[in-house]
Amino acid sequence: METSQYLEMFIDESKEHLQSINEQLLALEDSPNDLAIVSEIFRSAHTLKGMSATMGYDDLANLTHKMENVLDLIRNKKIDVTPDILDVVFQSVDDLEAMVNDIASGGNGKRDVTEVVSKLLMIEKGEDPNTINSKGTDLSSGQKAVKSISNKVEKFDQFELTVIEQSMEQGFSSFQITVKLRDDCLLRGARVFMVFEIIEQIGEIIKSNPPVEDLEEERFDFEFTVIVVSKENGDDIEKRIMKVSEIESVIVTELSIDDIKSEQSKPEQDKKNEETATSISNSLGTNESKSDEVKEKEKSKGQNVTNKTIRVNIERLDILMNLFEELVIDRGRLEQISNDLNNAELHETVERMSRISGDLQNIILNMRMVPVEQVFNRFPRMVRQLARDLNKKINLEIIGAETELDRTVIDEIGDPLVHLIRNAIDHGIETPEERIKKGKPETGTVVLKAFHSGNHVFIEIEDDGAGINREKVLTKAIERGVVTAEAGANLTNKQVYELIMASGFSTADVISDVSGRGVGLDVVKNTIESLSGSVTIDSKQGEGSIFSIQLPLTLSIISVMLVEIQDEKYAIPLSSIIETAIIKKEDILNAHNQKVIDFRGKVVPLVFLKDIFEVPVTKEEDGFLSVVIVRKGDKMAGLVVDSFIGQQEIVLKSLGNYLNSAFAISGATILGNGQVALIIDCNALIK
């Protein structure tokens, strides 16, 4: 049977079933005697097994079948639901997700699942799954099983081998870097991200073990290996990586082409892996899986369901969006020509086209909108595991998961939210004993809430933990040189809290010294601001904290105020603007060597854009200044321009890799007259 045409549907539906299983397992943990939940999980697993067998992914079908056997025992009341059994089932789901992700990235869906299969078999036999490790050895002495990645030379496919050979011919060296994190490292994903950032600055990553997907989802213990080509030497690479906190060791091995080719020629390990996979396949019962699939197919033949939705490849939506962006640019050009020619019929036609394209724009943007539920769905499982690891009791409440955001924004907010939620649980929520002493319920609460407001989406992470200690944050910030003692004394509480997101404040010492907050929050802030968003913090010591993220609905087409500075045009996003004003030069005041104005009772610093962007002076100034008042959180600034042109919808275009470091510029757009206007990043201008 030709299955390639069904591959995308298989991947999408498999992910949906796995997500459903995850959600139902969490519900089962809260209601272990609810057999209706078990039946729901069983049905999803059974469907996944049948789909996998039909598509020829036997490893996926076989593992699902083995998990299904355990669910069947629970459903028939032959075993009781316990946290240990759920841990094994969750581990099975992790492996199944990894297999599906491998298939989605072009792989064959094969994976070494010996450990979890052994545990599932032990559950079937009524034995304790915690008494074996991946090799089946006894762990009853209390020793924790830890997978270790050996420092032998990695195996490469032909493409990777060609890249390495060509790099060496051009004077690069190849290194195998094995990084071991400390056993007490809780934010493993964040550490991996920081290590990869350093490596990407010094060379090109060829591959990693475990794969990047597993590292991002923290599906590894405390050790991982990266192959990189670089012109740096091994000692320098080791020193730079060791600067990342919570790393126990870094082993950098320079590889020769002979070492690499020698490893490629070894067939023994491949043969051993194949034998292991065959053995597991036989033990799981492939034939039964396929017979079940036949039953599924026969059952579904008589179904006639009217479906009012269709699946559309996201790449097609991206292409559609790109074409419409070009249409918006041409629309602006036509409007400009119509105004110049002053032809009534042309003007009427262009106006009609503008209305129609505006409606088309709304439809296309809505097609790209997806609920934040896609991101939120991963958190209940993560919270459960983290609470077990930290011996804490956590209740996660999710509100507004149906709130929609553009897919381009959704793709980027996952990691910052993971970091903030882990931070709230790890360092915000106290242990049950501490909470009882403080007169709080022993179960801490983390609320994840999303809602629309105007052209923005707000996402809030609120906890009822220890809160942030102003004095400790301020003391640490002064020690780190983030702020001076004199300036710190005049800061509001919110301004002090925001110091924990300052670059240089995120150090390992902060974990214990500053109410447990601060590790890596500068990365969160930078990511959100790169999405034209902002983060604010509010907290009450002893009562908890709220991290509020403001994001634009879309990043592709935005509303801006066009302004003129001498002969150049710039665009300021309307989402940052409070209002515009014309002021007299004599109204400008000086405070701390900074020119400011009194704006509705508040002192607002002025930013002269012609100086920031070094615009050539071609026109004389008069006695008035045009000022755009912009805001970032509770901070404001007045951007001084020469004149206002007006409001317009523009297409945001990237400046490319070579100009991405341009200060206070987030992109560019093409105006109706063909001129390029730079888009100002207001966040970078407000200090």
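Within the range 73-100, residues that are within 29 Å of Asp12 (Cα to Cα) and assigned by TED's automatic domain parsing to the domain that holds Met51 have Cβ atoms under 7 Å from residues that are part of a helix (DSSP H, G or I) and among the aromatic types (Phe, Trp, Tyr) in these pairs: Arg75/Phe42, counting only partners at least 6 apart in sequence or on another chain. Considered as a group, the residues in the range 407-419 that are surrounded by fewer than 21 Cβ atoms within 10 Å (Cβ to Cβ) and in contact with a strand residue (DSSP E or B) (Cβ under 6 Å, 6 or more places away or on another chain) include one that is nearest to Leu317 (Cα to Cα), and that residue is Arg407.
When the range 627-662 is limited to residues that are of a type in the set (Gly, Ala, Ser) and surrounded by fewer than 18 Cβ atoms within 10 Å (Cβ to Cβ), the one that is nearest to Lys585 (Cα to Cα) turns out to be Ser643. If you go through the range 364-373 and keep only what is part of a helix (DSSP H, G or I) and modelled with pLDDT of 85 or more, you end up with just Glu373. Only one of the listed residues (Ile436, Ile468, Ile461) is β-branched (Val, Ile, Thr) and in a loop (DSSP other than H, G, I, E, B). That residue is Ile468.
Rundown of residues vs (1) β-branched (Val, Ile, Thr); (2) in contact (Cβ under 8 Å) with a residue 40 or more places away in the chain; (3) surrounded by fewer than 16 Cβ atoms within 10 Å (Cβ to Cβ), yes/no style:
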| position | (1), (2), (3) |
| --- | --- |
| Glu325 | no, yes, no |
| Ile329 | yes, yes, no |
| Ser338 | no, no, no |
| Asn343 | no, no, yes |
| Leu346 | no, no, yes |
| Thr349 | yes, no, yes |
| Arg355 | no, no, yes |
| Asn362 | no, no, yes |
| Asn366 | no, no, yes |
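Of the residues making up the range 97-144, those that are charged (D, E, K, R) and at pLDDT 65 or above are Glu97, Asp102, Lys110, Arg111, Asp112, Glu115, Lys119, Glu124, Lys125, Glu127, Asp128.
Selection of the range 638-656 for residues being of a type outside the set (S, T, N, Q) and closer than 17 Å to Ile582 by Cβ yields Gly638, Leu639, Val640, Val641, Asp642, Phe644, Ile645, Gly646.
Restricting Lys595, Lys569 to residues that are under 17 Å from Gly667 (Cβ atoms), part of a strand (DSSP E or B), modelled with pLDDT of 90 or more and basic (Lys, Arg) narrows the list to Lys569. Just one of the listed residues (Ser208, Ser230) is modelled with pLDDT of 80 or more, in contact with a Gly (Cβ under 7 Å, 6 or more places away or on another chain) and among the hydroxyl-bearing types (Ser, Thr, Tyr), namely Ser230. In the range 496-506 there is at least one residue matching the filter, namely being within 30 Å of Gly400 (Cα to Cα), modelled with pLDDT of 85 or more and more than 26 Å from the chain's Cα centre (by Cα).
Given the criteria assigned to a strand (DSSP E or B), more than 16 Å from Asn683 (Cα to Cα) and within 34 Å of the chain's Cα centre (by Cα), does Gln550 qualify? No: the conditions fail for Gln550.
The values are calculated or read from the model by the stated rules, or taken from the named source; none is laboratory data. The shown structure was predicted, so the numbers you read here are calculated from the model rather than taken from an experiment. All Cβ positions, glycine included, derive from the backbone under ideal geometry; neighbour counts span all protein chains shown.
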